[in-house]
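S.K.: Right, I'll just put the structure down here and ask away after.
Rule-based calculations on the coordinates, nothing more; no lab input. Predicted model, so just to flag it, every value in this text is computed and none were measured. We place every Cβ from the backbone using ideal geometry, glycine too, and count neighbours over all the protein chains shown.
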Amino acid sequence: MRLYVDNNATTPVADQVLGAMLPYLREGYGNPASIHQFGQQARAAVEQARAQVAALLNCKPEEIVFTSGGTESDNLAILGVVRAGSGRKRHVITSAIEHHAVLHTCRALERQGVTVSYIPVDATGLVDPDQVRRALRPETSLITIMHANNETGAIEPITEIAEIAREAGVRMHTDAVQSTGKILVHPQEMGVDLLSLSAHKFSGPKGAGALYVREALALEPMIYGGHNEGEPRPGTENVAGIVGLGAAASLALEEMDSGRVRIRELRDSLEESILSRFEDVGVNGPALRGPESDALRMPNTSNLYFDRVEGESLVIALDLGGVACSTGSACSSGTVEPSHVLMALGHARERAKSSIRFSLGRTHRREDNQFLLEQLTSVVRRLRALSPQTSVAETRS
Amino acid sequence: MSCEPVSPEALRPESVLKNGSGDGASAAGSLVAVGMSGGVDSSTVAALLQEAGNRVVGLTMQLWDQRRLTGEDSSAPMKVEGRCCSGNDIHDARRVAEHLKVPYYVLNFQSRFEEKVVRPFVENYLAGRTPIPCTLCNNHVKFDDLLTTARQVGADSLATGHYAQVEFDQASNRYLLRRAVDTSKDQSYFLFGLTQAQLSRTLFPLGSLTKQQVREIAGRFRLPVAQKPESQEICFVPQGDYSRFLDTYQQEQGSEEQAGAGEIVSDDGTVLGTHDGIHRYTLGQRKRLGIATGSPLYVLSIDPASKQVKVGKDSDLYSRTCAVHDLNWIAQEGPPAKFRATVKIRHQHTPAPATIHADGERVRVEFDSAQRAITPGQAAVFYDGDIVIGGGWMDRSAG
């Protein structure tokens, strides 16, 4: 048996999503920019997907720009705003717990002379809007703070921060890659100007994402081409991917109310079992469970630390036992650094390295929790018995 | 498995491949971890162990960020070449694991490697010694942390591509370390520090094979690294330029302690010239002294306190005794008051016959004939034939 509980990294493509995509990898190969009927059919598919994504976000279809995914959306939002601004608007505010797609983009801007303020978070991983307010400067052009954190599942007070941005006349972007499709994400009600999302985090394909760009907002493109000058994202559309994104958006909208509660209950039950079964374990990030946790924590995420357990070994041992989870954010080289998110929560390096993340998916069942608990029990027992803190004498003698 | 059975049985060192105790590991198999470096040796180990019916998990230690001392910002734009933190070796190991269809993981051991290997390496050079980082890595990282991780993930033992042999000796009730059959590849010198606990969980499947045979086996398994050339360098020192490595590392650490400049003096204290750092010198070194004299000069000793490098005739490099400390005993519990052995004082040295005298926590080695360049910081390893009795680290004063 193999159990996948790493859905914050990526999710399996849902059957109905794959079914919607396949015709556009076969007979529906037209270029949406072409005049003929092949092109018209592809254009119609792209526009339908745009409407599906707009329905999920409760926004206008023309406010959706398709991209290759979350990283491109974050880059386009941040670089697009800063580069479109005047020469004096050279300050950006972000948080210490952003995804690298945002953090590394900010570092790149710093190398180009832009000043960036990194707002710290409290011990549960939440940004204090007052600190954002205090970081504002006359030259601030953009605030970019994530909606939900990929590692802890913490949901940031975006509406309050967006209010601050609006009062100051500063653009507001949020990376909603982890939240879109899983909880309600309505950019207009949140008051943000820009919002990033990615299809593969909610049962869609990889390589497809979108940036919500509030109507009439000017963005400088990162790449150039296409028919209409000034298009924020030129290039022939990834039609099948976009169709997949649209289908995933429709599926998410349909399952939102029931799915969200079901997943939260499964997560709560798993977390309660683990907390009661093991000693010296705890939750990283917001620790609330039940309905009152909905506003603070993603319903599918449980980030836990196990004292005297090497997170890296725990993930490998669980994988060999059939449970796929993660120590934190996935890294391209496949290796593990102490998570910058857990460090930002003020946790010691040791705790950060003793932590793992379970993120449940829409097909998760109650018996999966049972299997996970069985594997976890035998692995944690072994790891603690072999922990360097308890076995130094034995190994060195 | 699609490969042809061209290999003679002699190419299958069955005894080391059957992991687990007594009644033998069945096809359900015990789990063996293989420390995979991306080279032909450890890749072949993985293939052989799998063929022998073990479940195999590949582990690679990421030890050092190659971009670290080149002034490149890790978030800055990367050059396409060498973009992976440990060069292409992790990439190669991953390809081999994919080829064999074994689970494979990269472990981030960078901070412990720095603490246990790189920093002592630097401190040794600054103290006028010539260290062996591979031995430190074997003792304190590979067969310590990596072995622990291997056991944590459920493996009974750790196999590596070292050329050496481990066997259990009923008579002495001890695990013995032996030289490899291929004496030109033998690495037992670097492994003298392994404890009984470490040896009991260690497999060296290549110890009974020649390098030529290993290449043939790698070819038989069609391993993607079968033709990969040997690496000779210290893994964390670019281009083998260790003195530049030391300079940049000290600079990065903002260390006050630079291996500063000093004098080059003759045996009688006459100043012959100057040098710009004692870490650029090792005993017996003749090149790059920068002194023109009639007869060739060699480094005789290095004094870290005065920063003096003493030079003289080749014949003055010879000495009959040395003191050895921080000992590890493999074939026996501890040393008898006095015993005979052949003693190897550097990797390329032919073991020389000697008498070893116990002396408290140390031993004193008396060679039958004087040995050239007994170098502080290098190891003295005691052999009985091809069996490693034990070993330790050599001191400055020969006593």
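S.K.: Which Cα, out of A:N8, A:V261, B:A150, lies furthest along the positive dipole direction of the protein assembly as shown (beta carbon charges, K/R +1, D/E -1)?
M.R.: Going by the charge dipole, the pick is B:A150.
S.K.: On to the next question. Which shape class applies to segment B:107-194: rounded if a/c is under 1.5, otherwise prolate when a/b exceeds b/c and oblate if not, where a ≥ b ≥ c are the square roots of the Cα gyration tensor eigenvalues?
M.R.: Cα axes put segment B:107-194 in the oblate bin.
S.K.: Residues with amide H under 5 Å of B:Y105's amide H, sequence separation 5 or more or different chain, H placed in the peptide plane at 1.01 Å from N; which?
M.R.: Amide H neighbours of B:Y105: B:G58, B:L59, B:T60.
S.K.: Of the options B:G128, A:V283, A:L372, report the single residue whose Cα projects farthest towards the positive end of the charge dipole of the protein assembly as shown (beta-carbon charges: Lys, Arg +1; Asp, Glu -1).
M.R.: B:G128
S.K.: Sum up the charges of everything whose Cβ sits under 10 Å from the Cβ of B:T321, counting Lys and Arg as +1 and Asp and Glu as -1, but leave B:T321 out.
M.R.: +1
S.K.: To the nearest 20 debye, what is the magnitude of the charge dipole of chain B about its Cα centre, counting +1 on the Cβ of each Lys and Arg and -1 on the Cβ of each Asp and Glu?
M.R.: Here the size comes out at about 520 debye.
S.K.: Quick one: among A:T11, A:T236, A:T71, which has the greatest mean-square fluctuation in a GNM of chain A with alpha-carbon springs under 10 angstrom?
M.R.: Comparing A:T11, A:T236, A:T71 in the GNM, the peak value goes to A:T236.
S.K.: Using only Cα atoms, find the angle between the long axis of helix B:211-220 and the longest principal axis of chain B, and express it within 0 to 90 degrees, rounded to the nearest 10.
M.R.: That works out to roughly 30 degrees.
S.K.: Right, next: Check A:I119: other-chain or 5+ apart residues with amide H under 5 Å from its amide H, H built from backbone geometry?
M.R.: Here the answer is A:T94, A:S95, A:A96, since their amide H atoms fall under 5 Å of that of A:I119.
S.K.: Here's something else I'd like to know. Applying the Karplus parametrisation 6.51 cos²θ - 1.76 cosθ + 1.60 with θ = phi - 60° to the phi angles of segment A:271-282, what ³J(HN,Hα) value in whole Hz is obtained for each residue in order, glycine and proline being reported as x?
M.R.: Ordered by residue, 3J(HN,Hα) equals 5, 4, 4, 5, 5, 8, 7, 10, 8, 6, 10, x Hz.
S.K.: Among A:G85, A:F66, A:C106, which residue has its Cα furthest toward the positive end of the charge dipole of segment A:39-169, with +1 on Lys/Arg Cβ and -1 on Asp/Glu Cβ?
M.R.: A:G85
S.K.: Another question about this same structure. DSSP loop GluC sites (Glu not before Pro) in segment A:248-317 with at most 15 other Cβ atoms within 10 Å of their Cβ, which ones?
M.R.: A:E279
S.K.: Here's another thing I want to ask about it. Could you check which residue among B:Q371, B:Q213, B:Q232 shows the biggest mean-square fluctuation in a GNM of chain B with a 10 Å Cα cutoff?
M.R.: Among B:Q371, B:Q213, B:Q232, the largest mean-square fluctuation in the Gaussian network model of chain B belongs to B:Q232.
S.K.: Per residue of A:312-320, how many C-beta atoms from partner chains lie within 10 Å of its own C-beta, taken as a mean?
M.R.: For peptide A:312-320, the averaged partner shielding equals 6.
S.K.: Distance in nm between label sites at A:T236 and A:L275, each 7 Å beyond Cα in the beta-carbon direction?
M.R.: 5.3 nm
S.K.: Hey, can you grab everything whose amide H is under 5 Å from the amide H of B:A159? Only 5+ residues off in sequence or another chain; H modelled, so Pro and N-termini drop out.
M.R.: B:A33, B:V34, B:G35, B:L203
S.K.: Ok, one more. Output wanted: per-residue J couplings in Hz (rounded whole) for segment A:15-31, from phi through Karplus 6.51 cos²θ - 1.76 cosθ + 1.60, θ = phi - 60°, x for Gly and Pro.
M.R.: 3, 5, 5, 4, x, 6, 7, 3, x, 8, 9, 10, 6, x, 8, x, 8
S.K.: Hey, got the dipole for the protein assembly as shown? About the Cα centre, +1 on K and R Cβ, -1 on D and E Cβ, debye to the nearest 20?
M.R.: Value, rounded to 20: 1160 debye.
S.K.: Please give the helix A:70-84 orientation as an angle from the longest Cα principal axis of chain A, in degrees from 0 to 90, rounded to the nearest 10.
M.R.: That helix lies at roughly 50 degrees to the long axis.
S.K.: Mind checking which of B:V45, B:V225, B:V265 has the largest fluctuation in a GNM of chain B, springs on alpha carbons under 10 Å?
M.R.: Comparing B:V45, B:V225, B:V265 in the GNM, the peak value goes to B:V265.
S.K.: Within segment A:194-230, report the chymotrypsin sites (Phe, Trp or Tyr not before Pro) that DSSP leaves as loop and that have at most 11 other Cβ atoms within 10 Å.
M.R.: Within segment A:194-230, the qualifying chymotrypsin sites (Phe, Trp or Tyr not before Pro) (loop, at most 11 other Cβ atoms within 10 Å) are A:Y224.
S.K.: For the protein assembly as shown, what does the helix formula give at 222 nm: sum of -39500 (n - 2.57) over DSSP H segments with n ≥ 4, over the residue count, nearest 500 deg cm²/dmol?
M.R.: Result for the protein assembly as shown: -9000 deg cm²/dmol, rounded to the nearest 500.
S.K.: Mind giving me the nanometre distance, one decimal, between the label points for A:M256 and B:R244, set 7 Å out from Cα along Cα→Cβ?
M.R.: 5.9 nm
S.K.: Classify the protein assembly as shown: rounded, prolate or oblate, from the alpha-carbon gyration tensor (a ≥ b ≥ c, eigenvalue square roots; a/c under 1.5 rounded; otherwise prolate if a/b is larger than b/c)?
M.R.: It is prolate, given that a/c is not under 1.5 and a/b is the larger ratio.
S.K.: What list of ³J(HN,Hα) values in whole Hz, one per residue of segment B:110-115 in order, does the Karplus curve 6.51 cos²θ - 1.76 cosθ + 1.60 (θ = phi - 60°) give from phi, with Gly and Pro shown as x?
M.R.: Result, ordered by residue: 4, 6, 6, 5, 5, 5 Hz.
S.K.: Using the Cα gyration tensor of segment A:117-194, with a ≥ b ≥ c the square roots of its eigenvalues, what is the shape: rounded (a/c below 1.5), prolate (a/b larger than b/c) or oblate (neither)?
M.R.: oblate
S.K.: What range in chain B is the longest one free of GluC sites (Glu not before Pro) that are in a loop by DSSP and have at most 12 other Cβ atoms within 10 angstrom?
M.R.: B:82-229
S.K.: Local charge sum around A:A9 (other residues, Cβ-Cβ under 10 Å, Lys/Arg +1, Asp/Glu -1)?
M.R.: +1
S.K.: Summing +1 for each Lys or Arg and -1 for each Asp or Glu, what net charge is found among the other residues whose Cβ lies under 11 Å from the Cβ of A:L219?
M.R.: +1
S.K.: Taking the Cβ-Cβ separation of B:H347 and A:A348 as r and a Förster radius of 41 Å, what is the calculated FRET efficiency to the nearest 0.05?
M.R.: E(calc), rounded to 0.05, equals 0.50.
S.K.: On a 28 Å Cα-Cα criterion, which of the cross-link pairs B:K185/B:K310; A:K60/A:K206; B:K310/B:K338; B:K287/B:K344; B:K142/B:K338; B:K116/B:K307 come out too long?
M.R.: From B:K185/B:K310; A:K60/A:K206; B:K310/B:K338; B:K287/B:K344; B:K142/B:K338; B:K116/B:K307, over 28 Å: B:K185/B:K310; B:K310/B:K338; B:K142/B:K338.
S.K.: Please sort by residue number the trypsin sites (Lys or Arg not before Pro) in segment B:116-224 whose DSSP state is loop and whose Cβ has at most 16 other Cβ atoms within 10 Å.
M.R.: When the trypsin sites (Lys or Arg not before Pro) of segment B:116-224 are filtered for loop state and at most 16 Cβ neighbours within 10 Å, B:R222 remain.
S.K.: On to the next question. Taking each residue in B:148-159, count the Cβ atoms of any other chain within 10 Å of its Cβ, then average. What number comes out?
M.R.: For peptide B:148-159, the averaged partner shielding equals 6.
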